[in-house]
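**Q** Attaching a single structure in structure tokens format; questions to follow.
The values are calculated or read from the model by the stated rules, or taken from the named source; none is laboratory data. On a predicted model such as this, the values are computed, not experimentally measured, just so you know. Using ideal geometry, Cβ is built from the backbone for each residue, glycine included, and neighbour counts are taken over all protein chains shown.
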Ligand code: NAD
């Protein structure tokens, strides 16, 4: 059953009420698989952000004083609402983004994981204490919420990414403004309707729709304490620099070009499907997607042969159709960008072993289709080996040994995730120790840290200090206060 997503004029959720954007313009959005209209997103304004900050600031003192277990209880309720609406949220996600329903279900599950983890805040937020640091003097270090935070999200995980932050920010006692991606605002609109049902004090959670103008106002607004950003490295750097200039805390998770190293001693039958899923899952639009595969020594020939066979089994189509394993890319503009990389790879001298240009799905010709593409004979200095393509395009390189592979990986500007496929423990250990990426998989193609572990990359893939999820997240949203007591 196709769901009707159309929301005539998507509203913001500010101060506990649904309010129209002050912006006059709306951008029409379509289902990437069918080309059908799904609704429109307002081009938000500074005034929208200002209204949300006013509401969030007003809500902060009482929310800060709300006992931590009470704050956590709202997350238990949110978790239950998300469970009850699990499939509906996933279907919205598929229809606005294009990924398959099973990929959407997986991402919603990961979002719920965050809510469950954040509900443990009474334990997570505990400080430290030491009796008698000097004679008759005790010391207590405690974590305190800071005020208004903002979350800025990318398009590739419409339901999940804001949930990387919201539960932790909320349960630590801060108030929050979420700006969903203007390309996929409907999953978060649905999450906002669930949050509306929680009957939180007005202004504790706010949703403001829009693009660049909204982001720029968030960056400069003097009453926002910190920003959690996820998106491309180019914008992550803009947000990091701009928000830091106005004294904010920033965690800016940027783009990726993830390397997968394959040794000939890997378990081929298990490894190859896993590598293909990493690279082509979500049509390559995952920050943890494998993109550049480095075959060590004589692994190259069997790897390319087996990859071709496995990629040939992918089924492209509408993500709501059972059996489909490869959805469209997000937009016609992104399709053009991905295809331009394919042309560039050919110009750079790589061999296009599988050509996804011109691919389409019968009956869905209006979709943003890019068929699975495979470049072999790729040189590490080629742009296609270094730049983020963010589409279903895999590049295969050769390295003589692990040291040679590591030299290639170290020369790259981005370092989000990396994986190795091997059955040799020592090879795996050396890889984990030396690889610059901060999320590392051993015989795992999508090395996604779960809610209770730190999530975020290195080098050009991350700007900031404290990363997302787990204990870093608790630290990011709190200020440590140390009190030293003496009673006469
Ligand atoms: P994007 O950088 O274009 O947009 C991200 C957010 O920034 C959006 O909310 C958008 O409205 C805003 N924005 C866009 N251009 C802006 C500008 N010039 N000034 C101010 N704000 C601007 O990213 P995207 O295309 O939506 O998402 C894909 C990117 O996100 C990929 O690079 C992917 O690797 C990355 N990503 C990273 C992670 C991670 O954990 N590191 C996770 C998911 C996605």
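**Q** Of all residues in the stretch 299-352, how many are surrounded by 17 or more Cβ atoms within 10 Å (Cβ to Cβ), without any contact (Cβ under 8 Å) to a residue 60 or more places away in the chain and in a strand (DSSP E or B)?
**A** Here the count works out to 2.
**Q** Right, something else. I'd like to check something: does the stretch 245-260 contain any residue that is within 16 Å of the ligand (Cβ to nearest atom) and in a helix (DSSP H, G or I)?
**A** The answer is yes; a qualifying residue exists.
**Q** Does residue 241 meet the test of being in contact with a helix residue (DSSP H, G or I) (Cβ under 6 Å, 6 or more places away or on another chain) and surrounded by fewer than 22 Cβ atoms within 10 Å (Cβ to Cβ)? Show your work before the answer.
**A** On the way: in contact with a helix residue (DSSP H, G or I) (Cβ under 6 Å, 6 or more places away or on another chain): no; surrounded by fewer than 22 Cβ atoms within 10 Å (Cβ to Cβ): yes.
Here the answer is no, as residue 241 does not meet what is asked.
**Q** Kindly indicate whether residue 277 is away from the ligand (no atom under 16 Å from the Cβ) and in a helix (DSSP H, G or I).
**A** yes
**Q** Right, something else. Working carefully through the options 430, 377, 355, 387, find the one that is in the same structural domain as residue 298 (by TED's automatic domain parsing) and in contact (Cβ under 8 Å) with a residue 60 or more places away in the chain. Please lay out each step first, then the result.
**A** Values: 430 fails: in contact (Cβ under 8 Å) with a residue 60 or more places away in the chain; 377 fails: in contact (Cβ under 8 Å) with a residue 60 or more places away in the chain; 355 fails: in contact (Cβ under 8 Å) with a residue 60 or more places away in the chain.
On inspection, the qualifying residue turns out to be 387.
**Q** Oh, and also: For the stretch 365-377, which residues satisfy the criterion of being within 28 Å of the chain's Cα centre (by Cα) and part of a loop (DSSP other than H, G, I, E, B)?
**A** Within the stretch 365-377, the first condition is being within 28 Å of the chain's Cα centre (by Cα), and the residues that meet it are 366-375.
Those that are within 28 Å of the chain's Cα centre (by Cα) and part of a loop (DSSP other than H, G, I, E, B): 366, 367, 368, 369, 370, 371, 372.
**Q** Scan 461, 419 and give me the residue that is within 20 Å of the chain's Cα centre (by Cα) and over 30 Å from residue 244 (Cα atoms). Reasoning before the result, please.
**A** Details: 461 fails: over 30 Å from residue 244 (Cα atoms).
From the options 461, 419, the qualifying one is 419.
**Q** Scan the stretch 192-212 for residues that are in contact with a helix residue (DSSP H, G or I) (Cβ under 7 Å, 6 or more places away or on another chain) and crowded, with 22+ Cβ neighbours inside 10 Å and report the count.
**A** Step one: filter the stretch 192-212 for residues in contact with a helix residue (DSSP H, G or I) (Cβ under 7 Å, 6 or more places away or on another chain), giving 194-195, 197-198, 200-208, 210.
If we keep only those that are crowded, with 22+ Cβ neighbours inside 10 Å as well, we get 195, 203-208, 210.
Of the residues in that region, 8 qualify.
**Q** Looking at residue 419, is it in a loop (DSSP other than H, G, I, E, B) and more than 30 Å from residue 139 (Cβ to Cβ)?
**A** Values: in a loop (DSSP other than H, G, I, E, B): no; more than 30 Å from residue 139 (Cβ to Cβ): yes.
Judged against the criteria, residue 419 is not a match.
**Q** Would you please list the contacts, defined by Cβ atoms under 6 Å and residues six or more apart or on different chains, that run from a residue in the stretch 280-295 that is in a loop (DSSP other than H, G, I, E, B) to a residue that is near the ligand (Cβ under 10 Å from one of its atoms)?
**A** The qualifying pairs are 285/156; 285/390; 287/256; 287/416; 288/417; 288/448.
**Q** Out of contact with any strand residue (DSSP E or B) (no Cβ under 6 Å at 6 or more places or on another chain) and either without any contact (Cβ under 8 Å) to a residue 24 or more places away in the chain or farther than 27 Å from residue 474 by Cα (or both): is that true of residue 45 in this structure? Steps first, please.
**A** On the way: out of contact with any strand residue (DSSP E or B) (no Cβ under 6 Å at 6 or more places or on another chain): yes; either without any contact (Cβ under 8 Å) to a residue 24 or more places away in the chain or farther than 27 Å from residue 474 by Cα (or both): yes.
So residue 45 passes the test.
**Q** Considering only residues of the stretch 27-37 that are out of contact with any helix residue (DSSP H, G or I) (no Cβ under 6 Å at 6 or more places or on another chain) and surrounded by 17 or more Cβ atoms within 10 Å (Cβ to Cβ), which is nearest to residue 54 (Cα to Cα)? Explain how you work it out, then say what you get.
**A** So the first thing to find is which residues in the stretch 27-37 are out of contact with any helix residue (DSSP H, G or I) (no Cβ under 6 Å at 6 or more places or on another chain), and the list is 27-30, 32-37.
Now restrict to residues that are surrounded by 17 or more Cβ atoms within 10 Å (Cβ to Cβ): 29-30, 32-34.
Details: 29: 30, 30: 33, 32: 36, 33: 39, 34: 40 Å.
Step by step, filter the stretch 27-37, then rank; the result is 29.
**Q** Return the residues of the stretch 213-237 that are over 11 Å from residue 152 (Cβ atoms), within 11 Å of the ligand (Cβ to nearest atom) and surrounded by fewer than 20 Cβ atoms within 10 Å (Cβ to Cβ); say none if nothing qualifies.
**A** 213, 232, 234, 237
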